[in-house]
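K.L.:
Before we start, here is the structure in question, set down as structure tokens.
The values are calculated or read from the model by the stated rules, or taken from the named source; none is laboratory data. Here the structure is a predicted model, which is why all the values come from computation and not from measurement. Here the Cβ positions follow ideal geometry from the backbone for every residue, glycine too, while neighbour counts run over all protein chains shown.
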């Protein structure tokens with residue numbers, strides 16, 4: 001199963017990182033870095049009920065689609081997203097399956113004022129410390145690969161370091177875990193990470209079960225403005241969109257068409 005392969009590779013990668021740069025040294029470097037970084041609130045950027053809040057994703061490839069964009073220039077894409085009215089950026093940093101790089105976070109930050117979400121498979125505190133050093137404003141935490149206790153600890157650590165946590169769910173079981181772990185931003189992923197299939201009705205099914213006061217993000221499968229209008233009417237605050245933008249020959253026009261009259 002592809003998710004198992006990704007997790008195994010990630011665990012090996014973290015172990016190698018710890019050998020080269022132990023967690024103690026990482027924390028020491030982080031303490032020096034914290035006072036220097038500018039704060040960009042991911043939650044504030046996407047939590048407004050006004051307009052269409054799009055978290056535009058920068059990714060070169062994925063396990064479900066293979067290579068998505070050959071002419072991949074992350075800095076240019078980030079600038080187009082900001083110009084097109086995106087409220088935040090999602091940056092893939094997983095190296096093997098998504099062809100991302102952790103270094104993208106810092107380089108992209110230099111060309112945009114938008115808050116940046118680090119999208120990766122985060123399993124332990126080491127990666128949260130690393131995300132802060134890399135200047136992420138928020139991290140993605142995937143409920144199905146973490147226990148409730150792990151999820152809670154990672155959310156609290158992110159908060160302590162000045163970052164938001166987008167907790168991704170796909171099922172009622174995931175959602176209950178996210179709520180018990182006190183997640184404040186909940187992303188409903190229409191893609192099943194086990195099968196990689198997309199069912200845009202997943203968000204529709206889970207939305208009524210999310211208490212008021214949470215920021216809700218719908219993820220995966222959005223291609224048309226009509227779909228966005230429908231989910232906004234159900235109470236979704238923001239939309240994380242990647243593949244349809246990355247595949248477009250005209251990223252700016254595609255983003256504006258998804259924003260519709262809010263462009």
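K.L.:
Can you confirm whether the stretch 62-72 contains a residue that is within 15 Å of the chain's Cα centre (by Cα) and modelled with pLDDT under 95?
P.N.:
Yes, because at least one residue in the stretch 62-72 is within 15 Å of the chain's Cα centre (by Cα) and modelled with pLDDT under 95.
K.L.:
Residues in the stretch 232-250 that are in a helix (DSSP H, G or I), in contact with a helix residue (DSSP H, G or I) (Cβ under 6 Å, 6 or more places away or on another chain) and surrounded by fewer than 20 Cβ atoms within 10 Å (Cβ to Cβ): how many? Before you say what the answer is, go through the steps one by one.
P.N.:
Just the residues of the stretch 232-250 that are in a helix (DSSP H, G or I), to begin with: 232-233, 243-246.
Filter once more, keeping what is in contact with a helix residue (DSSP H, G or I) (Cβ under 6 Å, 6 or more places away or on another chain): 245.
When the remaining residues are screened for being surrounded by fewer than 20 Cβ atoms within 10 Å (Cβ to Cβ), the result is none.
Looking only at that region, the number is 0.
K.L.:
Could you list, in sequence order, the residues of the stretch 251-260 that are farther than 25 Å from residue 70 by Cβ and either surrounded by fewer than 16 Cβ atoms within 10 Å (Cβ to Cβ) or in contact with a strand residue (DSSP E or B) (Cβ under 6 Å, 6 or more places away or on another chain) (or both)?
P.N.:
260
K.L.:
Regarding the stretch 171-189, can at least one residue be identified that is in a strand (DSSP E or B), touching a helix residue (DSSP H, G or I) at 6+ places or on another chain (Cβ under 7 Å) and modelled with pLDDT under 95?
P.N.:
Yes: the stretch 171-189 contains one or more residues that are in a strand (DSSP E or B), touching a helix residue (DSSP H, G or I) at 6+ places or on another chain (Cβ under 7 Å) and modelled with pLDDT under 95.
K.L.:
Tell me which residues, restricted to the stretch 140-159, are assigned to a helix (DSSP H, G or I) and either surrounded by 23 or more Cβ atoms within 10 Å (Cβ to Cβ) or in contact with a helix residue (DSSP H, G or I) (Cβ under 9 Å, 6 or more places away or on another chain) (or both). Even if it seems obvious, please write down each step before you answer.
P.N.:
Step one: filter the stretch 140-159 for residues assigned to a helix (DSSP H, G or I), giving 143-145, 148-159.
Selection gives 143, 144, 145, 148, 151, 152, 153, 154, 155, 157, 158.
K.L.:
Now for a different question. Looking at (1) surrounded by 14 or more Cβ atoms within 10 Å (Cβ to Cβ); (2) out of contact with any helix residue (DSSP H, G or I) (no Cβ under 7 Å at 6 or more places or on another chain), which is the one condition that is false for residue 200?
P.N.:
Every listed condition holds for residue 200 apart from (2).
K.L.:
So which residues in the stretch 100-117 are surrounded by fewer than 17 Cβ atoms within 10 Å (Cβ to Cβ) and without any contact (Cβ under 8 Å) to a residue 60 or more places away in the chain, if there are any at all?
P.N.:
101, 103, 106, 107, 110, 111
K.L.:
Which residues, taken from the stretch 18-60, are farther than 30 Å from residue 86 by Cα and in contact with a helix residue (DSSP H, G or I) (Cβ under 7 Å, 6 or more places away or on another chain)?
P.N.:
Correct list: 18, 23, 26, 27, 29.
K.L.:
Right, next: Could you go through the stretch 122-139 and let me know if any residue there is without any contact (Cβ under 8 Å) to a residue 40 or more places away in the chain, within 26 Å of residue 197 (Cβ to Cβ), in contact with a helix residue (DSSP H, G or I) (Cβ under 7 Å, 6 or more places away or on another chain) and buried (at least 19 other Cβ atoms within 10 Å of the Cβ).
P.N.:
Yes, some residue in the stretch 122-139 is without any contact (Cβ under 8 Å) to a residue 40 or more places away in the chain, within 26 Å of residue 197 (Cβ to Cβ), in contact with a helix residue (DSSP H, G or I) (Cβ under 7 Å, 6 or more places away or on another chain) and buried (at least 19 other Cβ atoms within 10 Å of the Cβ).
K.L.:
For the stretch 203-222, which positions are surrounded by 12 or more Cβ atoms within 10 Å (Cβ to Cβ) and under 16 Å from residue 165 (Cα atoms)?
P.N.:
214, 215, 216, 217, 218, 219
K.L.:
I'd like to know if the stretch 69-87 contains one or more residues that are within 16 Å of residue 219 (Cα to Cα) and in contact (Cβ under 8 Å) with a residue 24 or more places away in the chain.
P.N.:
Within the stretch 69-87, one or more residues are within 16 Å of residue 219 (Cα to Cα) and in contact (Cβ under 8 Å) with a residue 24 or more places away in the chain.
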